[in-house]
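Asks: Take this structure, written in structure tokens, and hold onto it; I'll ask about it next.
The values are calculated or read from the model by the stated rules, or taken from the named source; none is laboratory data. Here the structure is a predicted model, which is why all the values come from computation and not from measurement. Cβ atoms come from the backbone with ideal geometry, glycine included; neighbour counts cover every protein chain shown. Areas reflect the complete protein model, heavy atoms only, side chains present, ligands, DNA and RNA absent. Shrake-Rupley method; radii C 1.70, N 1.55, O 1.52, S 1.80 Å.
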Amino acid sequence: MGPGPITVDPRVLRAMSAQLVGQYDPAMTAYMNETQALYREVFRTRNEATVLVDGTSRAGIEAALVSLVHPGDRVLVPVFGRFGHLLREIAERCGAEVHVREVPWGEVFTLEAIEQAVREVRPHLVAMVQGDTSTTMNQPLEGVGEVCHRHGALLYVDCTASLGGNAFEMDAWEVDATTAGLQKCLGGPSGSAPLSLSPRAVAVVDGRRSVEAGLRSDDEDAAPAPVRIRSNYFDLGMVLDYWGEKRLNHHTEATTMLYGARECARLLLEEGIGNSIARHRLHGEAVLAGVQALGLEVFGDVVHKMHNVVAVEIPAGVDGDAVRAELLHDYGIEIGTSFGPLAGRVWRIGSMGYNARKDAVLVTLAALEQVLRRHGARVGAGAGCAAAQEVYA
Ligand SMILES: Cc1ncc(COP(=O)(O)O)c(C=O)c1O
């Protein structure tokens, strides 16, 4: 019940135990095509360029940024938590001229503040996180893509933590590039990063396209693009050629992760994205009501928090790590703390993916109450579960 990774849905585990097939086996290429179609629905996009990057969510971020950003390009990163800093760090490593704007942790940006920064910086790309897991905040994105495009910038969004549990509308919000992971609301393991690029973003990648020597056919230009993408593994031009009709060899697709990613998307779409968001909202509200009834103070702007995770202040005089250890050892329940300025200051309690369930929420609240009491906190008997039950009533 932490901020992810979370308990994997048993259906995903079963899918991942299936036998492997060769990467050009018609069954495998059909799975690849099917997975692309599924993730178009998940991201709510018509983008042809929708694929998996093999690696954890960070691999998807690196692939998007290294492929879209030329050295010297201006990149604007609005930072409201740890994962915004990660975008800044990766963009810097891509050689970008990075401009950062920050709001205090626990807050999000207004559209006006983003537009003001875009006017000042005139970036090639705006890179931002939707749900920053470190603070639990969910940045509203409506209008951001329109602002970027009006000022000639592309918009990249990391929706790893929010996808499936909170609305994400790639096309309607004019997002040019997005990446995610399986280990949060999608109920899978880490290790695969679904990614989608708009035609605008593909045009940028196309300008830097190159085909490896040894793979080129006679009719292809042997000269690589004047500025090649600075990573081979994360070269999205080559990744798209591999997933596209050419099936031009690049890496060997991580078959087992593809089985897992495909099953995560199938689960989400069978439930319905709207229903999944409503389920995450319901259980998130139950956790919120429960921890508040236990007398814990919630961190940050509750109106803008993600549905799937809540951060609570560790009460004065309570040893936060000891409480987490006891929850784990005595009850088999894992919750998290956070990073940087919030490390040791808050606990983060998730209710996402397979764990966004009533029984998981109630057992967690009951266990937390017992552990808090043992650590000297004054909590009303049964208060957390009772408040959560009110939400479910
Ligand atoms: C918003 C966000 N972005 C990126 C990451 C990095 O993901 P990974 O550890 O899978 O590389 C995380 C991980 O928690 C995250 O929450």
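Asks: Determine if the stretch 212-227 includes at least one residue that is in contact with a helix residue (DSSP H, G or I) (Cβ under 8 Å, 6 or more places away or on another chain) and either crowded, with 18+ Cβ neighbours inside 10 Å or within 30 Å of A377 (Cα to Cα) (or both).
Replies: Checked the stretch 212-227: no residue is in contact with a helix residue (DSSP H, G or I) (Cβ under 8 Å, 6 or more places away or on another chain) and either crowded, with 18+ Cβ neighbours inside 10 Å or within 30 Å of A377 (Cα to Cα) (or both).
Asks: Of everything in the stretch 56-76, what is of a type in the set (D, E, K, R) and either in a helix (DSSP H, G or I) or in contact with a Ser or Thr (Cβ under 8 Å, 6 or more places away or on another chain) (or both)? Give them in sequence order.
Replies: Taking the stretch 56-76 first, the residues of a type in the set (D, E, K, R) are 58, 62, 73-74.
Within the stretch 56-76, R58, E62 meet the criteria.
Asks: Residue pairs, Cβ under 7 Å, 6 or more apart or interchain, first in the stretch 159-179 and modelled with pLDDT under 95 and of a type outside the set (V, I, T), second open to solvent by less than 10 Å² (accessible area, probe 1.4 Å) and more than 13 Å from the ligand (Cβ to nearest atom). List them.
Replies: Once the first residue is modelled with pLDDT under 95 and of a type outside the set (V, I, T) and sits in the stretch 159-179, no partner that is open to solvent by less than 10 Å² (accessible area, probe 1.4 Å) and more than 13 Å from the ligand (Cβ to nearest atom) comes close enough.
Asks: Considering each residue of the stretch 6-21, count those that are open to solvent by 50 Å² or more (accessible area, probe 1.4 Å) and either charged (D, E, K, R) or within 16 Å of the ligand (Cβ to nearest atom) (or both), and give that number.
Replies: The qualifying residues number 3.
Asks: Give the number of residues within the stretch 52-77 that are surrounded by fewer than 24 Cβ atoms within 10 Å (Cβ to Cβ) and either farther than 30 Å from M32 by Cβ or aromatic (F, W, Y) (or both).
Replies: 4
Asks: Among (1) under 24 Å from V303 (Cα atoms); (2) without any contact (Cβ under 8 Å) to a residue 60 or more places away in the chain, where does V98 come up short?
Replies: (1)
Asks: What are the residue pairs meeting all of these: first residue in the stretch 329-350, first residue within 19 Å of C185 (Cβ to Cβ), second residue surrounded by fewer than 16 Cβ atoms within 10 Å (Cβ to Cβ), Cβ atoms under 7 Å, and 6 or more apart or on different chains?
Replies: Note: pairs meeting the criteria are E334/L328.
Asks: Only one of (1) touching a His at 6+ places or on another chain (Cβ under 7 Å); (2) free of Cβ contacts under 8 Å to residues at least 40 places away in the same chain fails for G272. Which number is that?
Replies: (1)
Asks: Shifting gears a bit: Between a first residue in the stretch 103-124 that is in contact (Cβ under 8 Å) with a residue 40 or more places away in the chain and a second residue that is part of a helix (DSSP H, G or I) and of a type in the set (V, I, T), which pairs have beta carbons less than 6 Å apart while being 6 or more apart in sequence or on different chains?
Replies: From the stretch 103-124, the pairs are V118/V147.
Asks: If you go through the stretch 82-98 one residue at a time, how many are open to solvent by 60 Å² or more (accessible area, probe 1.4 Å) and away from the ligand (no atom under 16 Å from the Cβ)?
Replies: Within the stretch 82-98, the subset open to solvent by 60 Å² or more (accessible area, probe 1.4 Å) is 82, 88-89, 92-93, 97.
Keeping just the survivors that are away from the ligand (no atom under 16 Å from the Cβ) gives 92, 97.
Final tally of qualifying residues: 2.
Asks: Would you tally the residues in the stretch 22-42 being part of a loop (DSSP other than H, G, I, E, B) and either surrounded by 14 or more Cβ atoms within 10 Å (Cβ to Cβ) or of a type in the set (F, W, Y) (or both)? Outline the logic, then answer.
Replies: So the first thing to find is which residues in the stretch 22-42 are part of a loop (DSSP other than H, G, I, E, B), and the list is 22-25.
Among the residues that remain, those that are also either surrounded by 14 or more Cβ atoms within 10 Å (Cβ to Cβ) or of a type in the set (F, W, Y) (or both) are: 23-24.
Of the residues in that region, 2 qualify.
Asks: Same structure again: Restricting attention to the stretch 110-122, and to residues there that are surrounded by fewer than 21 Cβ atoms within 10 Å (Cβ to Cβ) and of a type outside the set (D, E, K, R), which single residue is farthest from M306 (Cα to Cα)?
Replies: First pass over the stretch 110-122, keeping only residues surrounded by fewer than 21 Cβ atoms within 10 Å (Cβ to Cβ): 110-113, 115-117, 119-122.
With the extra rule that they be of a type outside the set (D, E, K, R), the set shrinks to 110-111, 113, 116-117, 121.
Numbers: T110: 16, L111: 18, A113: 21, Q116: 25, A117: 24, V121: 29 Å.
Result: V121.
Asks: OK, next. Across the stretch 141-199, what is the number of residues that are among the basic types (K, R) and over 11 Å from the mean Cα position of the chain (by Cα)?
Replies: So the first thing to find is which residues in the stretch 141-199 are among the basic types (K, R), and the list is 150, 184.
After this cut, where a residue has to be over 11 Å from the mean Cα position of the chain (by Cα) as well, the list is 150.
Summing the residues that are among the basic types (K, R) and over 11 Å from the mean Cα position of the chain (by Cα) in the stretch 141-199 gives 1.
Asks: State the number of residues belonging to the stretch 45-73 that are closer than 22 Å to E245 by Cα and near the ligand (Cβ under 9 Å from one of its atoms).
Replies: Qualifying residue count, the stretch 45-73: 1.
Asks: Could you check the stretch 274-327 and list, in sequence order, the residues that are under 22 Å from G187 (Cβ atoms) and open to solvent by 40 Å² or more (accessible area, probe 1.4 Å)?
Replies: Result: G274, N275, A278, R279, R281, L282, E285, H307.
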